[in-house]
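Report on one structure; see the data block that follows.
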Amino acid sequence: MENILIEINAQREKMISCALINGFTNELTIKYSQELDVLINEYQQAPCPWQGELKFGISFQQLLISRPRKYWYK
C-alpha cells in the first residue's frame, strides 16, 4: 500500500511538471494524467487492512454510523 502511494505522488509530480512546461492539454501531459488515474484507481480498489470486521461482529463503518456525530471528532 505504501509503494502505490509513492508511485502516485511521483506520477503526480511528473504530470504537474509536464503541464507547467508543455501545457495542460499537451499530449504527454494527458498521457501522464491517464497513468495517474490508473494508479489512483488501483489504490482505491485495494483492500484496506482496517476495513475488516471488529470483534463485536460489526464493521467499522457501522460503528461510526451508530455513534452520534458529536463523538466523531474532539
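The values are calculated or read from the model by the stated rules, or taken from the named source; none is laboratory data. Nothing here was measured: the structure is a model prediction, and the numbers come from that model. Methodologically, a virtual Cβ is constructed for each residue, glycine included, from the backbone with ideal geometry; neighbour enumeration extends over all protein chains shown.
Restricting attention to region 43-57, the residues being at pLDDT below 55 and either farther than 27 Å from residue 2 by Cα or surrounded by fewer than 10 Cβ atoms within 10 Å (Cβ to Cβ) (or both) number 4. You will find that of 65, 21, 4, 40, the residue that is at pLDDT 95 or above, in a helix (DSSP H, G or I) and hydrophobic (A, V, I, L, M, F, W, C) is 21 and no other.
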